[in-house]
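**Student:** Questions regarding the structure given below will be posed in turn.
The values are calculated or read from the model by the stated rules, or taken from the named source; none is laboratory data. Owing to the predicted nature of the structure, the values given are computational and were not obtained by experimental measurement. A quick note on method: Cβ atoms are made from the backbone with ideal geometry, for glycine too, and the neighbour counts reach across all protein chains shown. We work out accessible area using only protein heavy atoms, side chains counted, and drop any ligands, DNA or RNA first. Shrake-Rupley method; radii C 1.70, N 1.55, O 1.52, S 1.80 Å.
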Amino acid sequence: MEAMHTTGQILNGSEIFFECLRRENVEYIFGYPGGALLKVYETLHDVEDITHILVRHEQGATHMAEGYARSTGKPGVVLVTSGPGATNTVTGIANAYMDSTPMVVFTGQVPSSLIGNDAFQEADIVGITRPITKHNFLVKDVKELAITIRKAFYLATTGRPGPVVVDMPKDVLAATCPFEWPETVEIRGFKPTFKCHKNQIEKAAHKIAKAKRPLLYVGGGVITADASEELRTLAIKYNIPVTMTLQGLGAFPGNHPLSMGMLGMHGTYWANQAVNNCDLLIAVGARFDDRVTGKVDAFATQAYKIHNDIDPTNVDKNIKVDLPIVGDSKDFLASLLEEMPEKTESREAWLADIEKWRKKCPLSYTVEPDSLKTEFVIEEVSKQTAGNAVVVTDVGQHQMWTTQFYTFMNPRSIISSGGLGTMGYGLPAAIGAAFGIKDRPVVLFCGDGGFMMNIQELVTAVYCKVPVKIFLINNSYLGMVRQWQELFHKEKYSFTDLAESNPDFVKLAEAFGCKALMADNPETAKEAIRSALAWNEGPVVVDCRVARKEMVFPMVPAGGAISDMLLARLNPKTMV
Amino acid sequence: MKHIISVLVENRFGSLNRVAAMFSARGFNLESISIGETEDPEISRMTIVTRGDDQIINQVLKQLNRLIDTIKVTDLSRQPHVERELLLMTLKLSKTTQHEIFELIDVFKGKVVDIKQKSITIEVIGSPDKINTSIDIFKPYGIKELARSGVVAIHRGE
Ligand SMILES: Cc1ncc(C[n+]2csc(CCOP(=O)(O)OP(=O)(O)O)c2C)c(N)n1
Ligand SMILES: [Mg+2]
């Protein structure tokens, strides 16, 4: 973006704010005005090169920024007023923190002189967000504004990404000073290690060559590091099967024979079996989350464990590993490729075992002519988009089925709230992704519970003519909670049946000015998916009235060993 | 095991809070924390006393390092170091005990900082062990109030 102002020019805080965003190449701001930001919105009125998207709730802004960031790899930018505007962003910030998404949230603040006085619309947002941000700042002087914004973007995007909050008091935004743009930033307390240690890489290469039953366990770090290419080469060249976390899906093409799909609580039988039986586990950009490991002392007990992550705190946190390698995952994989010997152990027997497991318990569901299954909808969307859509989910059963039945072919293709598990994330995240990605369809699978949590953003999608394809997986249940109630809580279906209270979603969407379709069997679903994918004038909601009491399997009960997988509802067998 | 961790942080509003909040958010034990400026006014030194096995202490060190405001984190327990704590204590004073109290102050190389008709305020400096012992010894004379600084520690020079 072209700079509009030159250094040395006298500008007020609001003008400095936009000039900094310009220099950070910001395309979109997801925002909502208010008292503390009046000066900023005054300046914004004449800003033409940055697009401000008016959301309908500040939480929506944060998830949109996150959807934009995850789909593009660029930082998402949020602008909200002080007090309630700022506190409304808390869930979205926490979500971005847990999923390591680069995001900068600008909050207005009451005038400096009133801070601490319980002033009107004052909230200590720096204090509130301290444990859920990578870092945060209160700008006390207009002279500090430009450097602080520079640092905020640098911190949000460098090393392990994360959200950064910049709190800007009203008087700072009005005060003036000569504009200075620091070309470089130096933060002495922040020096992430990018380069992996050579000796460790040599050791790892040796171990990989010697392993008879190696397994790559890949997380979102590979996608952040833009290392899918290196991953593909390593896996294919040396015949190493790849299992991915929720955030790692797409790092390796889902239709490749070496792709094992997702591991963990709702992972595939064969991926979890492979974890149980591998002699070498190579964790790349993943953090041994409890949804992945289940009971830690029963996790990959036979394996020598190599762990690469850019964040040293992830290493030896949940699981003790044998060979920790701190550094950027792209550097890790590229250096490994250089160090790998030509000859490795044969993996034929190992791959044959995996094939056996794959055949033994495939992911399956039944198609019936007058009942619609979520799995069918997802699989059909996967087929019709050839696995090339940007797929966004909300949280619940539909989210887990998406990991099982959508075949992810590319990195940055799944956008889903993993760490925090935030219902209400999906709709705004999908809208944000659609601002970032114009050459691939953006598809949302959303539960009927979660859809209502940020339904107001349908307005944003409609007025911005954002072509998101919303597949409302309507089982009229808080399905995932219902599933736990059935399995572990004596079938006490306490407050999870939404059938009586749900609105008519077709009418609701239409009231927002949104195109709406309905499907309740495989035939109508196929047709509706086709029309929805063809419709690009704006958002479209497909109310998929799916079978109500289906459950997601396989499932590892919380805290259980992954070998104690439930495979089906009626006669829960465990793995052997 | 007990560990003394020395942390150089940006002398900036919020730094202490970030460190303390990290300890509570992650459930780490925090026995004492003290902070003061260093020879460089932009940098403060924090001395933290914590407990945990090796795995926990390694996490503590890494999590401290991960905070943007921390510049350097050292586990002093793993190297030669000196540690000191300051104790201020007001004791009851009477004709009968006066003599013994003065003798004990000498034993602990303490100092009298204030003396009144019925009370005496003393200071003792030393290792946390010595401070604990002195508190035990003075207890029978009647402690009216006491304050401990928490440990400060530093790496031994060459
Ligand atoms: C904000 C928030 N509140 C509560 C939950 C707990 N929760 C997890 S899944 C779920 C049910 C989701 O229901 P729905 O959106 O209909 O999706 P389904 O599971 O039916 O596919 C709930 C309540 C959550 N994850 N997030
Ligand atoms: Mg539901």
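**Student:** Go through region A:139-166 residue by residue and tally those that are part of a helix (DSSP H, G or I), open to solvent by less than 40 Å² (accessible area, probe 1.4 Å) and among the hydrophobic types (A, V, I, L, M, F, W, C).
**Tutor:** 8
Rundown of residues vs (1) assigned to a helix (DSSP H, G or I); (2) surrounded by fewer than 21 Cβ atoms within 10 Å (Cβ to Cβ); (3) in contact with a helix residue (DSSP H, G or I) (Cβ under 7 Å, 6 or more places away or on another chain), yes/no style:
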site: A:37; (1), (2), (3): yes, no, no
site: A:40; (1), (2), (3): yes, no, yes
site: A:46; (1), (2), (3): no, yes, no
site: A:49; (1), (2), (3): no, yes, yes
site: A:53; (1), (2), (3): no, no, yes
site: A:56; (1), (2), (3): no, yes, yes
site: A:59; (1), (2), (3): yes, no, yes
site: A:68; (1), (2), (3): yes, no, yes
site: A:71; (1), (2), (3): yes, no, yes
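**Student:** Failed condition for residue A:301, given (1) under 15 Å from residue A:562 (Cα atoms); (2) open to solvent by 10 Å² or more (accessible area, probe 1.4 Å); (3) within 14 Å of chain B (Cβ to nearest Cβ), with all others met?
**Tutor:** Unmet for residue A:301, out of (1) under 15 Å from residue A:562 (Cα atoms); (2) open to solvent by 10 Å² or more (accessible area, probe 1.4 Å); (3) within 14 Å of chain B (Cβ to nearest Cβ): (3).
**Student:** For the condition of a type outside the set (A, V, I, L, M), more than 10 Å from every other protein chain (Cβ to nearest Cβ) and in contact with a Lys or Arg (Cβ under 9 Å, 6 or more places away or on another chain), what is the one hit in B:17, B:29, B:11?
**Tutor:** After ruling out the rest, the residue left standing is B:29.
**Student:** Got a sec? Which of A:271, A:283 is in contact with a Gly (Cβ under 6 Å, 6 or more places away or on another chain), surrounded by 19 or more Cβ atoms within 10 Å (Cβ to Cβ) and under 20 Å from residue A:211 (Cβ atoms)?
**Tutor:** A:271
**Student:** Quick one: residue A:107 ticks every box in (1) of a type in the set (Ser, Thr, Tyr); (2) crowded, with 23+ Cβ neighbours inside 10 Å; (3) within 14 Å of chain B (Cβ to nearest Cβ) except a single one, so which number is it?
**Tutor:** Among (1) of a type in the set (Ser, Thr, Tyr); (2) crowded, with 23+ Cβ neighbours inside 10 Å; (3) within 14 Å of chain B (Cβ to nearest Cβ), the lone unmet condition for residue A:107 is (3).
**Student:** Residue check, residue A:358 against (1) touching a His at 6+ places or on another chain (Cβ under 6 Å); (2) closer than 22 Å to residue A:254 by Cα, all met but one. Which one?
**Tutor:** Exception for residue A:358: condition (1).
**Student:** Something else now. May I ask you to say which residue of A:310, A:354 is within 14 Å of another protein chain (Cβ to nearest Cβ) and either aliphatic (A, V, I, L, M) or surrounded by fewer than 21 Cβ atoms within 10 Å (Cβ to Cβ) (or both)?
**Tutor:** Checking each option against the conditions leaves just A:310.
**Student:** Which residues, counting only those in region A:424-461, are touching a strand residue (DSSP E or B) at 6+ places or on another chain (Cβ under 7 Å) and within 16 Å of ligand 2 (Cβ to nearest atom)?
**Tutor:** A:426, A:427, A:444, A:445, A:446, A:447, A:448, A:451
**Student:** Report every pair of residues separated by at least 6 positions or lying on different chains whose Cβ atoms are under 6 Å apart, first residue within region A:322-337 and open to solvent by less than 10 Å² (accessible area, probe 1.4 Å), second in a helix (DSSP H, G or I) and of a type in the set (Asp, Glu).
**Tutor:** Hits for this filter: A:333/A:230.
**Student:** Answer with yes or no whether residue B:36 is in contact with a strand residue (DSSP E or B) (Cβ under 9 Å, 6 or more places away or on another chain) and away from chain A (no Cβ under 14 Å).
**Tutor:** yes
**Student:** A further question follows. Within region B:1-44, how many residues turn out to be among the hydroxyl-bearing types (Ser, Thr, Tyr) and either within 23 Å of residue A:137 (Cβ to Cβ) or over 15 Å from the mean Cα position of the chain (by Cα) (or both)?
**Tutor:** 4
**Student:** Turning to a different aspect of this structure: Residues being open to solvent by less than 30 Å² (accessible area, probe 1.4 Å) and farther than 23 Å from residue A:89 by Cα: count how many of those fall in region A:167-180.
**Tutor:** Counting residues in region A:167-180 that are open to solvent by less than 30 Å² (accessible area, probe 1.4 Å) and farther than 23 Å from residue A:89 by Cα gives 2.
**Student:** Separate question: Here are some conditions: (1) in contact (Cβ under 8 Å) with a residue 60 or more places away in the chain; (2) in contact with a Leu (Cβ under 9 Å, 6 or more places away or on another chain); (3) open to solvent by 50 Å² or more (accessible area, probe 1.4 Å). Residue B:86 meets all but one. Which one does it not meet?
**Tutor:** (2)
**Student:** Of A:122, A:202, which residue is away from chain B (no Cβ under 11 Å), touching a residue at least 40 places away in the same chain (Cβ under 8 Å) and closer than 30 Å to residue A:345 by Cβ?
**Tutor:** Step by step, each of A:122, A:202 is checked, and only A:202 is away from chain B (no Cβ under 11 Å), touching a residue at least 40 places away in the same chain (Cβ under 8 Å) and closer than 30 Å to residue A:345 by Cβ.
Conditions tested, residue by residue: (1) in contact (Cβ under 8 Å) with a residue 40 or more places away in the chain; (2) more than 8 Å from ligand 1 (Cβ to nearest atom); (3) open to solvent by 40 Å² or more (accessible area, probe 1.4 Å).
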position: A:450; (1), (2), (3): yes, no, no
position: A:455; (1), (2), (3): yes, yes, no
position: A:462; (1), (2), (3): yes, yes, no
position: A:477; (1), (2), (3): yes, no, no
position: A:485; (1), (2), (3): no, yes, no
position: A:514; (1), (2), (3): yes, yes, no
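**Student:** Which condition from (1) over 24 Å from the mean Cα position of the chain (by Cα); (2) more than 14 Å from every other protein chain (Cβ to nearest Cβ) is the one that residue A:194 breaks?
**Tutor:** Looking at each condition in turn, residue A:194 falls short on (1).
**Student:** Let me ask something else. Out of the residues in region A:530-566 that are open to solvent by less than 10 Å² (accessible area, probe 1.4 Å) and not in a loop (DSSP other than H, G, I, E, B), state the one that is nearest to residue A:368 (Cα to Cα).
**Tutor:** Out of the qualifying residues, it is A:544.
**Student:** Further question: Report yes if some residue within region A:487-508 is open to solvent by less than 40 Å² (accessible area, probe 1.4 Å), in contact (Cβ under 8 Å) with a residue 40 or more places away in the chain and either more than 13 Å from ligand 1 (Cβ to nearest atom) or within 30 Å of residue A:51 (Cβ to Cβ) (or both); otherwise report no.
**Tutor:** There is at least one residue in region A:487-508 that is open to solvent by less than 40 Å² (accessible area, probe 1.4 Å), in contact (Cβ under 8 Å) with a residue 40 or more places away in the chain and either more than 13 Å from ligand 1 (Cβ to nearest atom) or within 30 Å of residue A:51 (Cβ to Cβ) (or both).
**Student:** Restricting the search to region A:468-526, which residues are away from ligand 2 (no atom under 16 Å from the Cβ) and either within 18 Å of residue A:569 (Cα to Cα) or within 26 Å of the chain's Cα centre (by Cα) (or both)?
**Tutor:** Correct list: A:468, A:469, A:487, A:488, A:489, A:490, A:491, A:492, A:509, A:514.
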